[in-house]
Amino acid sequence: MTEPAGTDVFAVGDEPIQLLDPSGRRVDHPDFSYSGTDADIASHLRDMVLARRIDTEATALQRKGELGLWPPALGQEAAQIGSGRTLRDPDLIVPSYREHGVAWCAGIDPVDLLGTFRGTAMVDWPSRPDGFHLYSFVIGTQALHAVGMAMALQRDGQVGNDDPAANGAAIVYFGDGATSQGDVNEAFVFAASYAAPVVFFCQNNQYAISEPASLQSRVPLYRRAAGFGFPGLRVDGNDVLAVHAVTQLAMDRARRGEGPVLVEAYTYRMGAHTTSDDPTKYRLAAEQDAWKAKDPIERVKTYLLSTGAIDQAWLDALAAESEALAERLRAGCLALPEPALGEQWQHVYAGMPPALARQREEYLAYEASFEGASE
Amino acid sequence: MSTMTMVKALNAGLRRALADDPKVLLAGEDIGQLGGVFRVTEGLQNEFGTDRVVDSPLAEAGIVGTSMGLALRGYRPVVEIQFDGFVYPAFDQIVSQVSRMRFRSHGTMSVPMVIRIPYGGGIGAIEHHSESPEAYFAHTPGLKVVTCSNPHDAYWMIQQAIADDDPVIFLEPKRRYHEKGEVDTEASPLPLYDARVVKPGTDATLLCYGPMVRTCVEAAVAAEAEGRSLEVVDLRSLSPLDDETVFASVRRTGRAIVVHEAVGTLGIGAELAARIQAECFYELEAPVLRVTGYDLPYPPSRVEDGYLPDLDRVLDAVDRSLAY
């Protein structure tokens, strides 16, 4: 195992790394550049637009009573698509519960996401690839799991090989609130100690439900990494190019075996914490308006229109694709299979202990007694 | 006398506790400006200030651990755990530290802390938002565990818990949060650790608490139509258990059925069954039965109605008890 890397490998500061400003203008950065073409950027735009449509449709489905709850990712599309599009096998992706855009990048059918929030299923999804872990709902807990998965990559010889394509790293998503949890701080310690190939991707969306990020940290969150002995970077989380460039670098570094990186994607939760939340109780409209001007999608659209990489017809086609996706989501949500309580005994243990099997039989007999009575 | 929801009753109880004792303070996630995700603390930060109604960083172990420090220096912290399933990060602080400070210090120190936990299912929530963790805490010497079933008790019990010199786990049945009831803010309340016979009866005793009290009363009313007289006992306190009220009821009826949402195995029902058979053996007409959540992690919400004890399951158990 390599020694923990120093913290001085990136000469960056509190100003978020930015490669595309809110007006849609490409900007240079001394240390980071986006390597893709305009066609690649257009594909990011498509991802972001579709991710947003998934999100707004799921929110609408909750409003119609078809979902019990939905945690919107509105406004965080660049952070999720920009990072998600740097990931490939054998990387391991460990989400929190708001990573719908990352799930999209991983090829997960968005209809599958809905079952968890409709209450028809737990968290595993038929279209979930092996490298994408389950959503986690207890804040920050997954950071430790990601470090363990990264330790498995080390042991499985999937780190630091001469062939870059053979290398992988773990990436774990969490929010500003989670950085206060013991689990996250312990994950930092373990990752640093073992130089684990893991990227801690913190979407600082400024709020943990109602609590501003300033309650969680008196220093910019990316700077926390220095105290644990690995580099931290702050990136404009609404700039898909910068997020892509920074995550790419962090992942490549981890894949090479050079240890963990903390990426703080500085963004804003444009929506509520979840559909049960009312943000008007704790934040001002002016603040939301200021962030709306930094929208992750608009700046890319402006840029690509200015270069001529896309035109109105391209956008119209994308809008049509979005609507078709929304329609598929609505239909798919209503068609999600209803669970049966009798099935829930199957997956508590690898094998069902006799007492549990007996309890299930008793339950099934009890259920059957109603069916008999109603006929 | 006024009519209010359990949320409003808890809010009123907390307000009165804050007003009565300057050492009382509240801490938890989102409890300040937002008033808590269930609005139990709504308006209290504006009224009492940010030193006494404290928004905490997102760390349950931190919330409980720092509150213990405050308690050791004479404060009476009331912490809110946002949801039942989020209490476990604080488990070490609660069961290894808060619970046994009196014991460790040979009685020279105490931790007069209240840990409020909205608990139980039935609200269509996602994972970790419908748990019933009471047995873990009732299993821990040094902790007291109470739960209210109605707004009147909520108003008084929260104040009594705050006044207690021992740490109290205060479980709030979130599915009953918005149900209204009469609250008498002048009456002298029942002692905190006493159970209450909420509906007298003669044929069998339903032992229940928190969210299941209403379910059991409804079952008793339904049973009346069939000529069966069920006594419903609201335990209110799970640790300590009010044995005498329980035994007296079971001796009268000869039959006991324990009802709770939590899984059955090694739950409150198991403890009650053991105590009842030891103390009421000759008066029992039937084995003590349990109607509980099944021994599963809390299932997806679309099947929670079948998972949770309901009127039918309670009456089915009554039938089985009476068949002996």
Other-chain or far-sequence residues with amide H under 5 Å of residue A:132's (modelled H): A:93
Degrees between helix B:151-163 axis and first principal axis of chain B (Cα, 0 to 90, nearest 10): 50
In sequence order, calculated HN-Hα J values of region A:270-285 (Karplus, 6.51, -1.76, 1.60; Hz; x Gly/Pro): 5, x, 7, 4, 9, 5, 8, 9, 10, x, 5, 6, 9, 9, 8, 4
Cβ under 12 Å from residue A:26's Cβ, residue A:26 left aside: what net charge do those residues give with Lys, Arg +1 and Asp, Glu -1? -2
Residue A:365 versus residue A:290: modelled label distance in nm, points set 7 Å from Cα along the beta carbon direction: 6.7
How far apart, in nm, are two points set 7 Å out from the Cα along the Cα-to-Cβ line at residue B:180 and at residue A:298? 4.5
Gap in Å between the Cα centre of region A:287-327 and the Cα centre of region B:203-280? 61
Cα convex hull volume per residue for chain B, in Å³, equals 128
Can you give the direction-averaged projected area of the convex hull of the alpha-carbon atoms in region B:94-154, in nm²? 5.3
Take the alpha-carbon centre of region A:76-153, take the same for region B:29-92, and report the distance between them in whole Å. 30
Summed side-chain charge close to residue B:201 - residues other than residue B:201 whose Cβ falls under 11 Å, Lys, Arg +1, Asp, Glu -1: +1
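Express as a percent, rounded to the nearest 5, the fraction of DSSP beta bridges in chain B (both residues included) that run antiparallel.
Working: 10 of 44 bridges.
Percentage antiparallel, nearest 5: 25.
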When the convex hull of the Cα atoms of the protein assembly as shown is projected onto a plane and the area is averaged over all directions, what value comes out in nm²? 33.7
Report, in degrees rounded to the nearest 10, the 0 to 90 angle that the Cα long axis of helix B:243-253 makes with the longest principal axis of chain B. 20
In region A:259-375, how does Rg compare with the Kirkwood Rh, expressed as the Rg/Rh ratio over alpha carbon atoms? 1.22
In whole Hz and in residue order, list the ³J(HN,Hα) couplings for region A:140-153 that follow from phi through the Karplus curve 6.51 cos²θ - 1.76 cosθ + 1.60, θ = phi - 60°; x for Gly and Pro. x, 4, 6, 4, 5, 4, 4, 5, x, 5, 5, 5, 5, 4
Using alpha carbons only, how many angstrom separate the centre of region B:95-160 from the centre of region A:17-39? 53
If you take every DSSP beta bridge whose two residues both sit in chain A, what share of them, in percent to the nearest 5, is antiparallel? 10
Near residue B:83, within a Cβ-to-Cβ distance under 9 Å, what is the net charge of the other residues, with Lys and Arg +1 and Asp and Glu -1? -1
Förster-model FRET efficiency, 25 Å R0, residue A:63 and residue A:340, C-beta, rounded to 0.05: 0.35
Using the basic label-point model (7 angstrom from Cα toward the beta carbon), what is the residue A:323 to residue B:100 distance in nanometres? 6.6
Counting only DSSP beta bridges with both residues in the protein assembly as shown, tell me the antiparallel percent, nearest 5. 20
Karplus 3J(HN,Hα) series, Hz, for region A:236-247 with 6.51 cos²θ - 1.76 cosθ + 1.60 (x for Gly, Pro): 5, x, 9, 10, 5, 5, 5, 4, 4, 5, 5, 5
Could I get the Rg over Rh figure for region A:66-203? Both from C-alpha atoms, Rh via Kirkwood, rounded to two places. 0.97
Any idea what the alpha-carbon Rg over 2.2 N^0.38 Å comes to for region B:1-87? 1.04
Over all Cα pairs of region B:196-322, the Kirkwood radius sets Rh, and Rg/Rh then becomes 0.95
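Read-outs throughout are calculated quantities, based only on the coordinates presented, and are distinct from any laboratory measurement. In this text, all values refer to a predicted model and were calculated from it rather than measured experimentally. Don't worry about glycine lacking a Cβ; one is built from the backbone with ideal geometry, like all the others, and counts go over all protein chains shown.
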